[in-house]
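All of the numbers you see were taken from the coordinates with simple rules; none came from a lab. Just so it is clear, the model here is predicted, and its values are computed rather than measured. Here the Cβ is made from the backbone with ideal geometry for all residues, glycine too, and neighbour counts use every protein chain on show.
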Ligand code: SF4
Ligand code: SF4
């Protein structure tokens, strides 16, 4: 793939490191080696195992971005509410200049070491995040000019401390992702990644999403328990035509609920209608919101008046 064809490139792994040195990529971490792109069927040499001399080194200085499915798995691992997991084990950051909310895994107090690193290795291994499953592979969503299709490209992250690159094992990218369980994570993270890429590729001209959009993104992405309560609410059920059987299965199954949350986000953020709306719901909603909409309109007028008054102001 040539550079000219590329309009959107995005690091998906959340792997730590400094600024891009290669103009071909928007990789938000420094890499000492110019990345070589792989497809799913390309082979690479790598093996990580408990007996290796560098065991655990990669977990000692981390900056791992969490995906919605990472949070789902980890909250289940600890049998915690999503809000409590986020409060205890993550810290927020802004994914872009508009302040799209992101979460990273927290460190042990006063260090850069992962909070889940134990003497014997990863203490949450069966539910470790996507970035940990991928390492030492990286992944980017690539959208070609004039195309809505986001393709995955993969590359190796070669860091000096990692000796896995010298182990005599070769496998295809596909085999490695399957072995690590990353393919399952990718399936659940796919819609979320599409939402982020679409937001990024819309560019600055579209403007900053409203505060309400940001809050919905935050809830749907990182707080599945609140989203469950949200869809149980009559306010939601008065608008969306979701039958009782479907509603029950969403309430009982976190994986289904997460997929539904992404459909809901795509619908409210980008108008991709996949959840049917009840007949007359729009009119009823407009009627219910009339006062709020009127108040907002008035506030805009007042803001404009204030700005105009200030622009006319000439200091003595
Ligand atoms: S979650 Fe586990 S594998 Fe990932 S950085 Fe922490 S200790 Fe390492
Ligand atoms: S081989 Fe690489 S990924 Fe595996 S423990 Fe060593 S540093 Fe970490």
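Just need the Rg to Rh number for the stretch 135-248, please, alpha carbons only, Kirkwood Rh. Radius of gyration over Kirkwood radius for the stretch 135-248 works out to 1.09.
Of the peptides 208-219, 54-65, 133-144, the order by per-residue mean of other Cβ atoms within 10 Å, starting with the highest, comes out as 133-144, 54-65, 208-219. When each of the peptides 252-262, 284-294, 268-278 is scored by the mean number of other C-beta atoms lying within 10 Å of its residues, the order from highest to lowest reads 252-262, 268-278, 284-294.
On the basis of the beta-carbon distance and an R0 of 30 Å, residue 125 and residue 191 show a calculated FRET efficiency of 0.70. The spacing between the stretch 182-245 and the stretch 66-117, judged by their C-alpha centroids, is 18 Å. From the Kirkwood radius over Cα pairs of the stretch 85-196, Stokes-Einstein at 4 °C and 1.567 mPa s returns a whole-number translational diffusion coefficient of 78 µm²/s. Computed on the stretch 198-260, the Cα convex hull volume stands at 107 Å³ per residue.
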